[in-house]
Amino acid sequence: MAFESVHNYYENLVFTEIRKTLKKRKLSSEDDYVEDIACVALNRLPSRYVRHHVDLVFYLTAEEHEMINDSVKTAVADAFTFVDRHRR
């Protein structure tokens, strides 16, 4: 049995938002830092497992897309704050 195609829909959205934020703030993309931010952000979002993004995207309304994008931006911003406050 292969499960490689199963993934959390939010993963790519969170990773993309982290990259945008790092670039905008001109921050380091140090692996541990970025991975901590990704974990914190993903843990603040609901799990939505899909095989293909199109499986979910096709059925979402424009309002649902906007809600998802807003929630990802908020989760990533909160994750940056959390990780920055708890960094050693």
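Here, each number is a calculation from the coordinates, and none is a lab measurement. Keep in mind that this is a model prediction, so the values were computed, not measured. Every residue, glycine as well, gets a Cβ built from its backbone with ideal geometry; the counts of neighbours run over all protein chains shown.
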Checklist entry - If a residue has to be part of a helix (DSSP H, G or I), under 19 Å from Val6 (Cβ atoms) and of a type outside the set (A, V, I, L, M) to count, how many in the stretch 40-79 make the cut? => result 3
Checklist entry - Counting only residues that are part of a helix (DSSP H, G or I) and over 18 Å from His65 (Cβ atoms), how many does the stretch 1-39 have? => result 16
Checklist entry - Of all residues in the stretch 49-88, how many are under 12 Å from the mean Cα position of the chain (by Cα) and surrounded by fewer than 12 Cβ atoms within 10 Å (Cβ to Cβ)? => result 1
Checklist entry - Quick one: what pairs do we get from the stretch 55-81, first residue among the charged types (D, E, K, R), second surrounded by 15 or more Cβ atoms within 10 Å (Cβ to Cβ) and part of a helix (DSSP H, G or I), C-beta under 8 Å, 6+ apart or different chains? => result Lys73/Glu17; Asp78/Val40; Asp78/Ala41
